[in-house]
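Enquirer: Here it is: the structure, laid out below.
Nothing in this text is a laboratory measurement; each read-out follows from the coordinates by a stated rule. Predicted model only: the values in this text are computed from it and were never measured. Positions of Cβ are generated from backbone atoms using ideal geometry, with glycine treated the same way; all protein chains shown enter the neighbour counts.
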Amino acid sequence: MIDLHCHILPGLDDGAADLSVSLEMARAFVADGVLVVACTPHILPGLYHNSGPAIRDATAKLQQALDDQGIPLTLVTGADNHVVPGFVAGLRSGHLLSLSDTRYVLVEPPHHVAPVRLDDLFFEVLAAGFVPILTHPERLSWIEADYARIARLGAAGVWMQITAGSLAGNFGRRAQYWAQRMLEEGAVHILATDAHDAERRPPNLSEGRDLAAKRIGADAAQHLVLTRPMAILNNDAPAGLALPEPDAMSSRVAHEHVASRAKKGGSAATGLLRGVSDRLRRFVER
């Protein structure tokens, strides 16, 4: 497997605190069956003052440490690039980083507030020849209110990355619901760990893959953790790749979720179920 979103570099953000944690994470990745990891620390002005050159240097140093320890894990560069003004200019200057210097770039929007011009930013990134990958949309607090926008971005060519731990329920039922729903609707392109340490948020890609397989089948799950990640590292064009397709039962997870709430909420939940069903129908018919 290949993990394209991980905070394994020591001391750069809220991920690995020091080299010992990075090495522990690396060993956990290898034990989990991961061969390649993208080092993607946050680049967030005002909080994490990282830049492309610093990330490249830290990645090279950690790779040397892994080699010295005999840990068979290959690292590539990248960044968890937060939405900022001049995003494309930042990519072109090398301050922001795409994944292994390919056309594919992780983009993280604000967690609690949907940017007003988010569509414009993604259009600019696409027009510049990059393929933006929206990181963990299932965990955004505004996904319920603005899921139509996320769906619209996906239809326009923005890739979606969900977190392995979300499928396992590690981020709560809400994130689990949206991860399952997006997966079954054929909206997810890659699965990643977003690992930050070896205990609280550890490498768990195989668990996410296996849970995805139960929803969409083993072959489709393998595309999430190997086929498409490898294509990304090869810088293959999206047009030549097998893209995700909606499951025949793609509305199942939505109905399961709402039906569960209906058991607890009585008539109010029944109205909610009817509303969600109507929204699902409108979404499919668009």
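Enquirer: Where does each of R228, R27 land when they are ranked from fewest to most other beta-carbon atoms within 10 angstrom?
Expert: R27, R228
Enquirer: Another question, if that's okay. Tell me the label only: which of [x] 16.5; [y] 14.7; [z] 23.2 is mean projected area of the Cα convex hull in nm² as calculated from this structure?
Expert: Given [x] 16.5; [y] 14.7; [z] 23.2, the structure-derived one carries the label [y].
Enquirer: Per the Debye formula with a single identical scatterer at each Cα and no solvent contribution, what log10 I(q)/I(0) holds for the stretch 10-159 at q = 0.21 Å⁻¹?
Expert: -1.30
Enquirer: Right, something else. Please get the size of the charge dipole for the chain, origin at its Cα centre, with Cβ charges of +1 on Lys and Arg and -1 on Asp and Glu, quoted in debye to the nearest 20.
Expert: 1160 debye
Enquirer: Hey, another quick one. Using Cα atoms only, what is the angle between the long axis of helix 205-216 and the major principal axis of the chain, expressed in degrees (0 to 90) to the nearest 10?
Expert: Between the helix axis and the principal axis of the chain, the angle is about 30 degrees.
Enquirer: Take each of the peptides 70-80, 209-219, average the number of other beta-carbon atoms within 10 Å over its residues, and list them starting from the highest.
Expert: Ranked from most to least packed, the peptides come out as 70-80, 209-219.
Enquirer: Could you list E207, E245 so that the one with the fewest beta carbons within 10 Å of its beta carbon is first and the one with the most is last?
Expert: E245, E207
Enquirer: Quick one: angle between helix 19-32 and the longest Cα principal axis of the chain, in degrees between 0 and 90, rounded to 10, please.
Expert: 60 degrees
Enquirer: Residues with beta-carbon under 10 Å from that of H7, excluding H7: net charge, scoring Lys, Arg +1 and Asp, Glu -1?
Expert: -4
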